[in-house]
Amino acid sequence: MKRRSFLTSAALALGIAGLGAGAVTAGEKVKAGFVYVGPVGDFGWTYQHDQGRQAVEAELGEQVETTFVESVPEGADAERVMTQMALGGANIIFTTSFGYMDATIKVAKKFPNVKFEHATGYKRADNVSTYSARFYEGRAVIGTIAGRMTKTNKIGYIASFPIPEVIRGINAAYIHAKKVNPDVEFKIVWVYTWFDPAKEADAATALIEQGVDVIMQHTDSPAAMTIAEAKGIMAFGQASDMSKFGPNAQLTSIIDNWAPYYVERVKAVIDGTWESQDTWHGFKEGMVQLSPYSDKVPADVQAEAEAMKQAIIDGTYHPFTGPINKQDGTSWLAEGEVADDGVLASMNFYVEGIEGEIPQ
Amino acid sequence: MPILEKRPVPSRFWARGTPVLAVLMTMIAGGALFALLGKDPVEAIRTIFWDPLFSEFGFYYRSQILVKAGPLILIAIGLSLGFRAGIWNIGAEGQYIMGAILGGAVGLAFYPAEGWHVFPLMIVAGALGGVLWAMIPALLRIRFGTNEILVSLMLVYVAENILRSVSFGILKNPQGFGFPGSRNLSEYPAAANPDLIEGTGFHWGGVAAVLMVLLAWGLLSRHMLGYQIRLSGQAPRAAHFGGVNPDRLVLVCMGISGALAGLAGLFEVAGPAGQLSPDFNVGYGFTAIIVAFLGRLHPLGIVLAGLLLGLTEVGGAIAQQNLGLPAASIKAFQGMLLFFLLAMDVFTDYRLRPGGSRKEAA
């Protein structure tokens, strides 16, 4: 290890600067920085995070100042932008993409007084919290609606990357569609992007050609919704209410509502009560919401969906309740057994009945 | 009406001067763009060009300019050799990815063994990954006369899909809870490529870039191969009669540019990026094409152009944060740079003359 022996003696210029940064002084505005992976105009993931940022400004007003940088690639660029925010005096920094995980931990080490909030990751530190939403609760409800509404019994699913969150969503939607409609079939297309309107539109078109009449998506742009509207089929929005892109097509939309969490966490910094924690909120806390149902959804289906949502909120129903088998037929959850969060967090298998393989 | 008239010999003044003029024109047009967006243009330009170098936190930003410029310069040097000879490797991005994959895979294969031999082997594998990927368009051109522009470009998309596949498959971190991405190489000492002096942004990739700039300079001015490259670009027929073997030249130029792109990928994955992930590549291979032309395909020019592009990248993010400029406007700003360079380039080979004087000139 001679190669690096002479490095250790060099002074940590950045470390020295980092020590002072981030401490909140009474009477000063708290600065909150947001790092976005997409453009704020994506009408999906990043758009909703930015809505959360705006809510922080609206709610805390004079006490706070927010800044953001959009379309930040993962890796070295993310690290630089986070450092730039910390140097610029940010007290709390929200890093809103899974791929920012290692960069967040690295920068957090250099700025021990700055609080970091990393979305959807699993690495924490004294000054790094993680947070995510139980989107699968929303997917269980739209799965139910899709199962009831489909005429062709074919449901299309535009999936982004084969990561646990996406696989969890497919499973939750499938289990509940199948429950109300045993003939239902899922067609899944992997587009390997979170935001690429052209690719998402192509995927939607391909699905429709396969006879699909309901489309769900786990990507961020409203492109698929636009195609669904043009082709006269049904679709579910993602992340934000996409009804203006599909006034006839959209049945409902799963909304990521980060606003309450962001306000709470920035307030904690102002009050000096911020602590590192892991948050996984769902319908109950309002982090996952559904936009108003379309008139096309019959009253009894709406009532069924609402009842399920209420049961999840009350804690009387969990979307992953046995008996559920894995795709290969082996038993996963026994009758009445509920999936634990650990397994859900790292889910890498389909449930029984879904066709195709998870791409590797 | 003024007309364009071909110069008898390309103007040296304009060849040297256009990059500077292009930067100035970009500042003016970019400033106008920022003004239309309701921002103070002077402040925006100052934030992009001045703040990264001389503001309060310049010590950090200067290191980050090096982090961005290192791979750009390394790749652009390789590309410039081929471009001079009329061999158009547009797929450096793909070679960059394959270098990172092969080099990274070698590092991961040794995990968690310690030893001085790991990093050198990764470097060899990184260069090899780039060379192999570049050999595909090279051999296809030699054997079947295919167009290396198209083939090398298409192979970028193939490389991207291989990257996704390994990030989710064989190179996935076994302790990553099913999430994509390899182990973090920068946290594995034997394979890591950290700053050589902490906080400077200067890692082994920077060393390689400096070395290659000097080598390229020597090659072009003193070596037979450099002469052949220049001759093939300027006078292909003369080169043919002069005994230059065009097939060999294609292999050499594509090989060198592939190797350097692969090296850049390896140094990036083991250093600043740290891991292979589905979104590992951020376009260095394409931006390096701009750097090569902005630098007039000259080694020293490429160093300056690489630093300039790194500067606008770092400054652009600062402008986003401090002034609320949208990311797209920064990209447009960088695009203008190439646009103006190519537009101004006309004056190297042509000059403007008042209308009607064409006959007299002839």
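The values are calculated or read from the model by the stated rules, or taken from the named source; none is laboratory data. All of these numbers come straight from a predicted model, not from anything done at the bench. Using ideal geometry, Cβ is built from the backbone for each residue, glycine included, and neighbour counts are taken over all protein chains shown.
For the range A:334-352, taking the residues that are away from every other protein chain (no Cβ under 12 Å), among the small types (Gly, Ala, Ser) and surrounded by fewer than 17 Cβ atoms within 10 Å (Cβ to Cβ), the one that is farthest from residue B:165 (Cα to Cα) is identified as A:336.
Residues are listed down the side, and each one gets a yes or a no for (1) among the β-branched types (Val, Ile, Thr); (2) within 14 Å of another protein chain (Cβ to nearest Cβ); (3) surrounded by 15 or more Cβ atoms within 10 Å (Cβ to Cβ); (4) touching a helix residue (DSSP H, G or I) at 6+ places or on another chain (Cβ under 6 Å):
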{"residue": "A:309", "(1), (2), (3), (4)": "no, no, yes, yes"}
{"residue": "A:315", "(1), (2), (3), (4)": "no, no, no, no"}
{"residue": "A:319", "(1), (2), (3), (4)": "no, no, yes, yes"}
{"residue": "A:323", "(1), (2), (3), (4)": "no, no, no, no"}
{"residue": "A:328", "(1), (2), (3), (4)": "no, no, no, no"}
{"residue": "A:332", "(1), (2), (3), (4)": "no, no, yes, no"}
{"residue": "A:354", "(1), (2), (3), (4)": "yes, no, yes, yes"}
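A count restricted to the range A:310-335 and to residues that are in contact with a strand residue (DSSP E or B) (Cβ under 7 Å, 6 or more places away or on another chain) and of a type outside the set (Val, Ile, Thr) stands at 10. Does the range A:20-35 include one or more residues that are at pLDDT below 95, touching a Phe, Trp or Tyr at 6+ places or on another chain (Cβ under 8 Å) and over 23 Å from residue A:259 (Cβ atoms)? Scanning the range A:20-35 turns up at least one residue that is at pLDDT below 95, touching a Phe, Trp or Tyr at 6+ places or on another chain (Cβ under 8 Å) and over 23 Å from residue A:259 (Cβ atoms).
When residue B:36 is tested against the conditions (1) within 14 Å of chain A (Cβ to nearest Cβ); (2) over 16 Å from the mean Cα position of the chain (by Cα), the lone failure is (1).
Does residue B:143 satisfy being surrounded by 16 or more Cβ atoms within 10 Å (Cβ to Cβ) and of a type in the set (Lys, Arg)?
no
Taking the criterion of being more than 19 Å from residue B:315 (Cβ to Cβ), in a loop (DSSP other than H, G, I, E, B) and aliphatic (A, V, I, L, M), the only residue of the range B:6-48 that qualifies is B:9.
Table: residues versus (1) free of Cβ contacts under 8 Å to residues at least 12 places away in the same chain; (2) in contact with a Pro (Cβ under 9 Å, 6 or more places away or on another chain); (3) surrounded by fewer than 23 Cβ atoms within 10 Å (Cβ to Cβ); (4) not aliphatic (A, V, I, L, M).
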site	(1), (2), (3), (4)
A:156	no, no, no, yes
A:179	no, no, yes, yes
A:197	no, yes, yes, yes
A:223	no, yes, no, no
A:228	no, no, no, no
A:249	no, no, no, no
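Just one of the listed residues (A:79, A:74) is buried (at least 22 other Cβ atoms within 10 Å of the Cβ), assigned to a helix (DSSP H, G or I) and within 8 Å of chain B (Cβ to nearest Cβ), and it is A:79.
Among all residues of the range A:277-298, there is none that is more than 14 Å from every other protein chain (Cβ to nearest Cβ), without any contact (Cβ under 8 Å) to a residue 12 or more places away in the chain and polar (S, T, N, Q).
Among residues that are touching a helix residue (DSSP H, G or I) at 6+ places or on another chain (Cβ under 6 Å), more than 8 Å from chain B (Cβ to nearest Cβ) and more than 28 Å from residue B:173 (Cβ to Cβ), residue A:52 is included.
If the condition is being farther than 19 Å from residue B:67 by Cα and either of a type outside the set (S, T, N, Q) or modelled with pLDDT of 90 or more (or both), then the range B:174-206 contributes B:174, B:176, B:177, B:178, B:179, B:180, B:181, B:182, B:183, B:188, B:189, B:190. Residues that are at pLDDT below 95, over 20 Å from residue A:40 (Cα atoms) and within 10 Å of chain B (Cβ to nearest Cβ) do not occur anywhere in the range A:59-67.
Listed here are the helices (runs of 4 or more DSSP H) enclosed by the range B:49-155 that have at least 3 residues being within 20 Å of the chain's Cα centre (by Cα): B:58-84, B:92-110, B:118-144. Taking the range B:286-298 as the range and being touching a residue at least 60 places away in the same chain (Cβ under 8 Å) and assigned to a helix (DSSP H, G or I) as the test, the residues that pass are B:286, B:287, B:288, B:289, B:291, B:292, B:293, B:294. Just one of the listed residues (B:97, B:87, B:101) is in contact with a Leu (Cβ under 6 Å, 6 or more places away or on another chain) and surrounded by 24 or more Cβ atoms within 10 Å (Cβ to Cβ), and it is B:97. Quick one: how many residues across the range B:109-149 are of a type in the set (Lys, Arg) and without any contact (Cβ under 8 Å) to a residue 60 or more places away in the chain? So the count comes out to 1. Got at least one residue in the range A:263-271 being without any contact (Cβ under 8 Å) to a residue 40 or more places away in the chain, in a helix (DSSP H, G or I) and of a type in the set (Gly, Ala, Ser)? Yes - at least one qualifying residue is present in the range A:263-271. For the range B:156-203, taking the residues that are within 10 Å of chain A (Cβ to nearest Cβ) and among the β-branched types (Val, Ile, Thr), the one that is farthest from the chain's Cα centre (by Cα) is identified as B:170. Number of residues in the range A:82-100 that are at the interface with another protein chain (Cβ under 8 Å from one of its Cβ atoms) and under 18 Å from the mean Cα position of the chain (by Cα): the value is 2.
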